[in-house]
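Peer 1: Sharing a structure, written as structure tokens. Questions coming.
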Amino acid sequence: QIIYGIDTLALKSQKDIALYSLLRTQAEDKNYIDTKDVRIIRRAADFYSKGKDEYHKMLSYFYLARIEQNAGDYSKAIVELMKAEAAGLDIEDYFYLGRIYSTFSDIYNRVYSNVESLKYARKAYDNFLKSGREDYADWEIVDIWRAYNNGCDYIPAIKYAHEIVELAENKDDKLL
């Protein structure tokens, strides 16, 4: 509500407009507002693509990819994720690299590419562990299980299913 309440006409610099665009898109994504309109985040991506601010560049490409994913334009989403990945690798932001790889995995799962889905789920898992975000890593095990299961590779799928159940029981995580 605070972000929506900002008078955007008062934003004078391109930097302020880009940051507002990024923060608004982040807030919408965090609140499960799955927009399909890229115009707002495109301003941020265009601005940060020209500079050396790798963190905001990574975020703007990541959220642009999320919107492309919402719209079902997976090829565009993958291109934006590749740009986000490059910036994330430059700054070694393991948490967002985990989110980027997890999104890759989700997209490849939707287009029935289980090998790619599994590859990126594993990369996401590794990066979430590096970032210290074990809670995200736990959920990435579900994506690894899903890729094995969807690929009809049931022996490792069963192994991961047991691991998920054990994790959930040990952490008393009813949702997991």
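Peer 1: Determine the sum of side-chain charges near Gln69: Lys and Arg each +1, Asp and Glu each -1, restricted to other residues whose C-beta is under 13 angstrom from that of Gln69.
Peer 2: Charge balance near Gln69 sits at -1.
Peer 1: Quick check: convex hull over the Cα atoms of the range 77-129, volume per residue in Å³, rounded to an integer?
Peer 2: 55
Peer 1: For q = 0.11, 0.13, 0.14 Å⁻¹, what log10 I(q)/I(0) does the chain give under the Debye formula with an equal point scatterer on each alpha carbon and no solvent?
Peer 2: Treating every Cα as an identical point scatterer, log10 I(q)/I(0) equals -0.51, -0.69, -0.79.
Peer 1: Right, next: Given the range 1-90, what count of lysine pairs have C-alpha atoms under 18 Å apart, with each pair 8 or more places apart or on different chains?
Peer 2: Value for the range 1-90: 8.
Peer 1: Further question: With 19 Å as the cut-off, how large is the P(r) tail for the range 118-176, expressed as percent of Cα-Cα pairs?
Peer 2: 27
Peer 1: Equivalent ellipsoid semi-axes for the range 12-56, as square roots of 5 times the alpha carbon gyration tensor eigenvalues: give them largest first, rounded to whole Å.
Peer 2: 19, 10, 10
Peer 1: On the full set of protein chains, 1.4 Å probe, figure out the accessible area of Leu129 and give it in Å² to the nearest 10.
Peer 2: Solvent-accessible area, nearest 10 Å²: 80 Å².
Peer 1: Give me the extension gain from Phe95 to Ala168: residue separation times 0.36 nm, minus the current Cα-Cα distance, reported in nm with one decimal.
Peer 2: 24.1 nm
Peer 1: Moving on. State, in angstrom, two size descriptors of the range 4-100 derived from its alpha carbons: Rg to one decimal place and Dmax to the nearest whole number.
Peer 2: Using the Cα atoms of the range 4-100, the pair Rg, Dmax is 12.8, 36 Å.
Peer 1: May I ask for the net charge around Gln14, where only other residues with Cβ less than 10 Å from the Cβ of Gln14 are counted and Lys, Arg are +1 while Asp, Glu are -1?
Peer 2: Summing Lys/Arg as +1 and Asp/Glu as -1 gives +2.
Peer 1: With the chain treated as a Gaussian network of Cα nodes joined by springs under 10 Å, which of Tyr74, Tyr112, Tyr32 yields the largest mean-square fluctuation?
Peer 2: Judging by the Gaussian network model, the answer is Tyr32.
Peer 1: What distance in nm separates the simple spin-label points at Ser13 and Asp126, each placed 7 Å from Cα in the Cβ direction?
Peer 2: Result for the modelled spin labels: 3.9 nm.
The values are calculated or read from the model by the stated rules, or taken from the named source; none is laboratory data. Given the structure is predicted, the values throughout are model-derived calculations rather than measurements. Using ideal geometry, Cβ is built from the backbone for each residue, glycine included, and neighbour counts are taken over all protein chains shown. These area figures cover heavy atoms from the full protein model, side chains too; ligands, DNA and RNA do not enter into them. Shrake-Rupley method; radii C 1.70, N 1.55, O 1.52, S 1.80 Å.
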